[in-house]
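Participant: Sharing a structure below in structure tokens format, with a few things to ask.
The values are calculated or read from the model by the stated rules, or taken from the named source; none is laboratory data. Small disclaimer: the values here were computed from a predicted structure and weren't measured. Please note: Cβ atoms are built from the backbone with ideal geometry, for glycine as well, and neighbour counts cover all protein chains shown.
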Amino acid sequence: MKKKIWTDKTREIVTYLFWGGLTTVVSWGSYWCFSSAIGLLIPENVYWTVTLANILSWLCAMAFAFVMNKRFVFCSRSWAAKVVLPELAKFTAARLATGLLEIAAVPILVRFGLDQTLFGVEGMAAKILVSVIVVALNYVFSKLFIFKG
């Protein structure tokens, strides 16, 4: 008997990584935009530039991730209020938890020396490290608590 390679679990992991990758692009791209804009407004304060850019990029990524995870990763197709509102509430709570981790961790890591500039953006090394941790936590929350089907 031939073993099936493309299982539901494989599809879920591949689509999570794909949409998670695009969510990361949204997060990093918006971080770059916000960091550049805020840096022009308050050029002498890297800490506040990093913090504000990080918060705004997180909000952009969260909105994108909810729709993509709901529709394409975990295949929760109903947009009826009785389905989407609890999903959105749990998703928001989980993302707030990981978002608070990210919001706190990036500037803390920058302050403690992980302040390398990558791609012309200060603090990007810290942003990348924290993003990897956040992606893993977000998958666990989405899989186990939010989009249970």
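Participant: Out of the range 35-91, which residues are loosely packed, with under 15 Cβ neighbours inside 10 Å and of a type in the set (S, T, N, Q)?
Facilitator: Ser36, Asn45, Ser78
Participant: Another question about this same structure. Report, by residue number, each residue of the range 69-113 that is farther than 18 Å from Thr51 by Cβ and either among the aromatic types (Phe, Trp, Tyr) or touching a Cys at 6+ places or on another chain (Cβ under 7 Å) (or both).
Facilitator: Scanning the range 69-113 gives Phe72, Phe74, Trp79, Phe91.
Participant: From Trp19, Trp32, Trp48, grab the single residue that is under 11 Å from the mean Cα position of the chain (by Cα) and assigned to a helix (DSSP H, G or I).
Facilitator: From the options Trp19, Trp32, Trp48, the qualifying one is Trp19.
Participant: Taking only pairs six or more apart or across chains, which ones have beta-carbon atoms under 7 Å, a first residue in the range 46-72 that is farther than 14 Å from Gly29 by Cα, and a second residue that is acidic (Asp, Glu) and crowded, with 18+ Cβ neighbours inside 10 Å?
Facilitator: Correct list of pairs: Val46/Glu122; Lys70/Glu87.
Quick grid of which residues meet (1) at pLDDT below 90; (2) touching a strand residue (DSSP E or B) at 6+ places or on another chain (Cβ under 8 Å); (3) of a type in the set (Val, Ile, Thr); (4) farther than 15 Å from Val134 by Cβ:
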| residue | (1), (2), (3), (4) |
| --- | --- |
| Lys2 | yes, no, no, yes |
| Gly21 | yes, no, no, no |
| Ala37 | no, no, no, yes |
| Leu52 | no, no, no, yes |
| Met68 | no, no, no, yes |
| Leu85 | no, no, no, yes |
| Arg95 | no, no, no, no |
| Leu101 | no, no, no, no |
| Ala104 | no, no, no, no |
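Participant: Still on this structure, please answer the following. Exactly one of these conditions fails for Lys4: (1) buried (at least 17 other Cβ atoms within 10 Å of the Cβ); (2) assigned to a loop (DSSP other than H, G, I, E, B); (3) of a type outside the set (A, V, I, L, M, F, W, C). Give me its number.
Facilitator: Only one criterion is unmet by Lys4, namely (1).
Participant: While we're here: Here's a check for you: in the range 17-34, which residue that is touching a residue at least 40 places away in the same chain (Cβ under 8 Å) and farther than 16 Å from Phe66 by Cα is surrounded by the most Cβ atoms within 10 Å (Cβ to Cβ)?
Facilitator: It comes out as Tyr31.
Participant: Considering only the range 127-140, state which residues are buried (at least 18 other Cβ atoms within 10 Å of the Cβ) and touching a residue at least 40 places away in the same chain (Cβ under 8 Å).
Facilitator: Lys127, Ser131, Val135, Asn138
Participant: Examine the range 55-70 for a residue that is part of a helix (DSSP H, G or I), over 11 Å from the mean Cα position of the chain (by Cα), of a type outside the set (A, V, I, L, M) and farther than 18 Å from Lys143 by Cβ, and state whether such a residue exists.
Facilitator: For the range 55-70, residues part of a helix (DSSP H, G or I), over 11 Å from the mean Cα position of the chain (by Cα), of a type outside the set (A, V, I, L, M) and farther than 18 Å from Lys143 by Cβ: absent.
Participant: Enumerate the pairs (first residue in the range 3-16 and within 12 Å of Lys143 (Cβ to Cβ); second residue anywhere and charged (D, E, K, R) and surrounded by 12 or more Cβ atoms within 10 Å (Cβ to Cβ)) with beta-carbon separation below 9 Å, excluding pairs fewer than 6 apart on the same chain, so at least 6 apart or on different chains.
Facilitator: Filtered contacts from the range 3-16: Glu12/Lys143; Tyr16/Lys143.
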